[in-house]
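Structure record follows, encoded as structure tokens.
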Amino acid sequence: MPKHYRPAGKKKEGNAAKYITRSQALKQLQVNTKLFRKLCIYKGVFPREPKKKFRGNHQTYYHLKDVSFIRHDPILEDLRAKSAYRKKIIKAKAKRNKELADILKNRQPEIKLDRLVRERYPHFIDALRDLDDPLTLVHLFAALPGSDRLKIEVKRVHNCRKLSHEWQAYISRTHKLRKVFISVKGVYYQAEVEGQKITWLTPHGMQQVLPDDDVVYDVLLSFLEFYETLLAFVNFKLYHSINVKYPPILDPQLEASAAELYALARYFDANSRPSEKVEATQEEESELRLAQLQHQLPSNEPGALMQLVKDAADENEEDEDTKECKNLFKNMRFFLSREVPRESMLFVIPAFGGTVSWEGEGAPFSETDQSITHQIVDRPTQGHVYLSREYVQPQWVYDCVNTRIILPTEAYMVGRVPPPHLSPFVDNEEEGYVPDYAETIKRLKSAAKNEILPMPGMGKENLDDPQNLLAEGYISRAEAIEAAERKQKMMTLEKQYHDELKMELDGFKYSSSVSDATKQKSDEDMETGEEPLPDVQQISTADMSKLLMSRKKRGLYEAMKKGQERKKAHVDLLKQRKKKIEAAEKFKKN
Amino acid sequence: MRERKKSSAVEVSSVKKKKEKKTKDNNEPREQKEKEESQSIMKQQKNTTSRSKKEKQRKATEDYQSLRESELSGDEVHGTDHDVDNADDHHEEDQTDGSEGHRGVEESDSSEDEVAPRNTIGDVPLEWYKDEKHIGYDISGKKITKKERQDKLASFLANVDDSKSWRKIYDEYNDEEVELTKEEIRLVQRLLKGKAPHTDFDQYADYVDWFKYDDALHPLSNAPEPKRRFIPSKWESKKVVQYVRAIRKGLIKFDEPKEEEPKFYLLWGDDSSAAEKANHLAYIPAPKPKLPGHEESYNPSLEYIPTQEELNSYQLMYEEDRPKFIPRRFTSLRSVPAYENAVKDSFERCMDLYLCPRVRKKRVNIDPETLKPKLPSRKDLKPYPVACYLEYKGHKGAVVSISTEASGQWFASGSTDGTVRIWEVESGRCLRVLEIGEAIQYVAWNPLPELPVLAVSAGQDVLILNTGLGNEEEQRRVKDLLHVETPTAPDDNMASIVSWLQHDKLDGIRLRHFKVAFSPLSIFSCIFVLVLDLGLVEDHLLKNLLLALMFTLDGVFGRMASQGRLPLHGDNLIVGSREGKLCWFDMDLSSKPYRVLKCHPKDITNVAFHRSYPLFASCSDDCTAYVFHGMVYSDLNQNPLIVPLEILRGHTSSNGRGVMDCKFHPRQPWLFTAGADSVIRLYCH
């Protein structure tokens, strides 16, 4: 009798009853692979991994419940109806009944995905949690050229552009942007909405290539369809929360000059008064609710009340973060040169409280405006220079945003190679390697904090700090430079001091560790008496306990060790390269 | 040819029109019909006429301009028929007033191309120069004077005298007299007669029909268009009436602009209603894409950029092993190009999202060291062999087997060089060398101290030898035991397997096997020594016992026994296998190993228990021997404690073999290891 024999009338059990393979699912649903793919994408159904793959390892398994979940969804009927309708059009065209074909085309049934969005994301927070991929894809498509051959309609590209701008406008308006990183792949942004960290990637503003081979655009477009709907609803909810009407109506002139973000900002401004009102009412509401709750609570439960207050405090804390972001570029006016990526800058600078203008039509202020504090330039040389403003490269803005302090601009001047742009997503300590510039930034940060807490004897210096000067209204450039120089001198001094401290610390540590080691050694010697090979002994002890591990644990242990080793090797490689580079530089100098 | 066709078409139309004019006097309905007919014909030929209109005009002017009077020169030329009609009258007038109105001929003359026109005034009315003495200017700016006009009388007289004067006309435009050639005159005459101007033009040529009516699948037809094409359809008009009535009755409604519902609305208005649990499977969110590190920056630190050598080494790698992303550095933001794999990357992400099985996995975020089990301190488990104390050298081949004497003073070793050596443990002195001649497979001392007998298996034989140790009393007993008088009469069943012989050179017995019946010869010989020792020399008894033992062993641990070595220790048993696994069986517990230790990467050659200390050891071809602490408690509830204690190294590999055998000292916690490098080592605590 074969092992898998099941007597007639007996039900399937175990994995075989719970899971079905993909081809079985296709048969059950009576759909073709294309439609099944679309359904899976819309419904968010993914294959699962049964404990035992009863049909072999090469199969894809779906949970039976997932499949029946698809089967009972009206979207299946809708999609079938749509394909039937498409056949009608094809038929009309084949019969050269152009009139009918046109009529049919214009009356195509529309497939609505709102129900699916609600089903997949029953809470708004769920939708926000899963927003990374939608944003990335929508931003990508916003940058793609329309193509008839690949069925990328221009209309959809425009819709993607619109959605992405709406999202950016909201983030920028509510100052929820936290981190920005320019990579080779594009610009990464990270925002924090309702406690959820949302990261997305926008491609560089260039002509994108559409690869023909190894990309199936149907898949991308199916995903995009769902994502567009999702993002539109999310935007609606977000706009609703700040009491702005959605969809926003934009100034066509600004839209034409590709400054949609600014147009959106203007739109927000027009609607700003009611939003403030709403905030006020919300506050009132919350107070009211608090009072109600207090009523409801029995008076002998102080714990619950404490909790409430704590929650409020937490909210305040969150606000502080936004406040910090809001005030980073406060009272600064930026002007973008022609060659600077405008969209990104128009998004980032207002998100951190700055005012920005650009070269072109519809700009709020022109280059000749004397109140401009910073001009962002990305060209080898700057012809005409206004003395009242600083000329910096775009990276300065991004670095300031990531470090949350106003960095000194010397390193970012026009024509220079800017200092390395570091990823804000990396925890350097955990990675085990800290790049030089990260340390510099750390020092600058601590210095900035010191300024906030003025120390005795440092107060006067603080006054001369360029930042404060900026805040006061900028007296003259020369003075600022002087101040900056002074500051740098101080910084170097400080650095020296820190280094010394560090050296001392290290030294102390080193000595202590050495003494520990010797102590241990002596202990061992004392106990074991005559031990000829302590090294071998230690190695063997390490191996010894490994012997007794179960196979599973040993595998885990070895994998972890391997991971650690790889990490270490990477760090070592970096250090080695750095050493080489430094040596080469020294050689050059000599 | 085409020219001709066109001109003929013109001719046709002109004929039709003439007809029409003639029939003007007739009754009206007929006229109308004809008009229609002619219109239809005109329609057909409209293309040709319109195309040839210019040409026609040109021709007409060429042909008849000379015949026109100067007053009529401004008139439009409408059609040939009109010109033809008027032709006769014009001609008469022309004849009378020949001096003027000849310029048309001049213009049409081909000689015009050869001689540049004298006139320089351009397209300016001649009246402007009527009262001037000059007409225009020459190239140097001087006035061109008009020719002196003869007075009328003189000219008349000259005309009378000159026979050719009737052919001369005055060209006012160029201010010269032109004499018409004979051909030109003839042309004019033909025109006056109403013939075609050129003689070679056949006005009444045979009609060549280009329509084909026969032998063609789709014959062209010049049949006139049927009438129905000009009459509005009856059925259409009926349909229209129907529609009109339906609209009036309100049966047909026109598309009103649909009231568009707002596409987007507040989907998550109140989250409270969504709290109810959906009865589908838990949603496993997809893992978020990895966040970019420093190396992905457009301007990373220099140390993140791989050097040229490293880049070259990537080229040598397999494609799968190559790093997916190679950091690059751009010195300014403006020089960063578009990322070429942007679409591909997001496509891959999408594929992952809908095709990758998702499983919730706990992420282990612990220090790997905590995974290691806590072991009792090794100091508490002393004594055990730790380091090499002595080396016994003398063998010339790999030492295959060693065996210690019960008292622990001596031990014997057998090697592939065909010798058995007996050593003193403490001093390392080689006491005796027994030449066997064949490669030794196994050596075993009698476990009883009072009979110092050594069993050696070599080739197909087992030898039981006197070692020559012990006092005289013992020697005597040994001699007795090892004395075989005559070769025993071969028994029916035993003869085929074993024959007992006195060894010819050495002091002992030789057991000759005719078949290798039992694979683990070692066990056989061990047991044999035991049996010998007990004095059970009866053949049948021996046979039964042996078989019984073999079968029990084989039945219980059949599979493992065939691979490894089995020392017994109470109810516990260790099996070392060829794959380097050491299994500890608790025979009371189950037939599955209580613990499997994977310590050796190569074959385990032997395992050994210590008789008195809770130690056991394993040796392997990887040139190491492991010493373990293996404590078995008398309390059955407590599991045996197994602690690895030491790895003993020192042997070197030869021919892929490492340590061949290990044996504990019977009294001391010492371990003997026999290496394939022909050295025996003693490890002491």
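The values are calculated or read from the model by the stated rules, or taken from the named source; none is laboratory data. It should be emphasised that the depicted structure is a prediction, and the values quoted were computed from it without experimental measurement. A quick note on method: Cβ atoms are made from the backbone with ideal geometry, for glycine too, and the neighbour counts reach across all protein chains shown.
General remarks:
- Flag: A:Ile372 matches the condition of being at pLDDT 90 or above, farther than 29 Å from A:Glu192 by Cβ and crowded, with 20+ Cβ neighbours inside 10 Å.
Conditions tested, residue by residue: (1) touching a His at 6+ places or on another chain (Cβ under 6 Å); (2) part of a loop (DSSP other than H, G, I, E, B); (3) at the interface with chain A (Cβ under 7 Å from one of its Cβ atoms); (4) modelled with pLDDT of 90 or more.
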| residue | (1), (2), (3), (4) |
| --- | --- |
| B:Leu267 | no, yes, yes, no |
| B:Asp271 | yes, yes, yes, no |
| B:Asn279 | no, yes, no, no |
| B:Ala282 | no, yes, no, no |
| B:Pro287 | no, yes, no, yes |
| B:Pro292 | no, yes, yes, yes |
| B:Pro300 | yes, yes, yes, yes |
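- Residue in segment A:28-48 that is farther than 22 Å from A:Leu221 by Cβ and assigned to a helix (DSSP H, G or I) present: yes
- Test result for B:Pro306, over 25 Å from A:Thr199 (Cα atoms), surrounded by 17 or more Cβ atoms within 10 Å (Cβ to Cβ) and more than 7 Å from chain A (Cβ to nearest Cβ): yes
- Any pair with Cβ under 7 angstrom, 6 or more apart, that starts in segment B:119-137 at a residue that is farther than 17 Å from B:Arg149 by Cα and ends at one that is part of a strand (DSSP E or B) and aromatic (Phe, Trp, Tyr): B:Thr120/B:Tyr137
- Taken over segment B:655-685, the criterion of being of a type in the set (Ser, Thr, Tyr), in a strand (DSSP E or B) and away from chain A (no Cβ under 14 Å) is satisfied by B:Thr673 alone.
- Residue count for segment B:175-199 under the criterion of being in a strand (DSSP E or B) and modelled with pLDDT of 85 or more: the result is 2.
- Residue within segment B:338-361 that is more than 33 Å from the chain's Cα centre (by Cα) and free of Cβ contacts under 8 Å to residues at least 60 places away in the same chain present: no
- Neighbours by Cβ (under 9 Å, 6+ apart or cross-chain): first from segment A:209-235, more than 7 Å from chain B (Cβ to nearest Cβ); second acidic (Asp, Glu): A:Tyr227/A:Asp133; A:Thr229/A:Asp114; A:Leu230/A:Asp130; A:Leu231/A:Glu166; A:Asn235/A:Glu166
- Selected residue (criterion: nearest to B:Gly656 (Cα to Cα)) from residues of segment B:360-408 that are aromatic (Phe, Trp, Tyr) and surrounded by 20 or more Cβ atoms within 10 Å (Cβ to Cβ): B:Tyr392
- Meeting the requirement of 1 or more residues that are within 14 Å of chain A (Cβ to nearest Cβ) and in contact with a strand residue (DSSP E or B) (Cβ under 9 Å, 6 or more places away or on another chain), the strands (runs of 3 or more DSSP E) wholly within segment B:325-440 are B:387-393.
- Taking every residue in segment A:339-350 that is within 13 Å of chain B (Cβ to nearest Cβ) and within 15 Å of A:Gly362 (Cβ to Cβ) and pairing it with any residue that is crowded, with 24+ Cβ neighbours inside 10 Å and at pLDDT 90 or above, at least 6 positions away or on another chain, the pairs with Cβ-Cβ distances below 6 Å are A:Arg342/A:Leu336.
- Counted residues, segment A:381-397 - those being touching a helix residue (DSSP H, G or I) at 6+ places or on another chain (Cβ under 9 Å), outside any strand (DSSP E or B) and among the hydrophobic types (A, V, I, L, M, F, W, C): 3
- Of all residues making up segment A:544-590, the number that are within 10 Å of chain B (Cβ to nearest Cβ), touching a residue at least 60 places away in the same chain (Cβ under 8 Å) and surrounded by fewer than 14 Cβ atoms within 10 Å (Cβ to Cβ): 1
- Helices (runs of 4 or more DSSP H) (entirely within segment A:79-162) containing at least 3 residues that are surrounded by fewer than 18 Cβ atoms within 10 Å (Cβ to Cβ) and either more than 14 Å from chain B (Cβ to nearest Cβ) or not β-branched (Val, Ile, Thr) (or both): A:98-106, A:114-120
- Matching residues, segment B:145-182, being exposed (fewer than 10 other Cβ atoms within 10 Å of the Cβ) and of a type in the set (Ser, Thr, Tyr): B:Ser163
- Residue match in segment B:644-654 (condition: buried (at least 21 other Cβ atoms within 10 Å of the Cβ), out of contact with any His (no Cβ under 7 Å at 6 or more places or on another chain), at pLDDT 85 or above and more than 12 Å from chain A (Cβ to nearest Cβ)): yes
- Residue under evaluation A:Asp132, criteria (1) within 22 Å of the chain's Cα centre (by Cα); (2) free of Cβ contacts under 8 Å to residues at least 24 places away in the same chain, criterion not met: (2)
- Some residue of segment A:406-416 being at the interface with another protein chain (Cβ under 9 Å from one of its Cβ atoms) and either within 18 Å of B:Glu295 (Cα to Cα) or surrounded by 17 or more Cβ atoms within 10 Å (Cβ to Cβ) (or both): no
- Test: A:Lys185 is without any contact (Cβ under 8 Å) to a residue 60 or more places away in the chain, within 11 Å of another protein chain (Cβ to nearest Cβ), closer than 18 Å to A:Asp130 by Cα and of a type in the set (Lys, Arg): no
- Listed by first and then second residue, the pairs with beta-carbon distance under 7 Å, at least 6 apart or on different chains, first residue in segment A:421-448 and over 17 Å from B:Ser297 (Cα atoms), second of a type in the set (A, V, I, L, M), are A:Gly432/A:Val571; A:Arg443/A:Met491; A:Leu444/A:Ile405; A:Leu444/A:Leu407; A:Lys445/A:Ile405; A:Ala447/A:Met491; A:Ala448/A:Ile405.
- Restricting B:Tyr354, B:Tyr339 to residues that are surrounded by 11 or more Cβ atoms within 10 Å (Cβ to Cβ) and either of a type in the set (Lys, Arg) or in contact with a His (Cβ under 9 Å, 6 or more places away or on another chain) (or both) narrows the list to B:Tyr339.
- Checking A:Thr33 against (1) buried (at least 17 other Cβ atoms within 10 Å of the Cβ); (2) β-branched (Val, Ile, Thr); (3) without any contact (Cβ under 8 Å) to a residue 60 or more places away in the chain, the condition it does not meet: (1)
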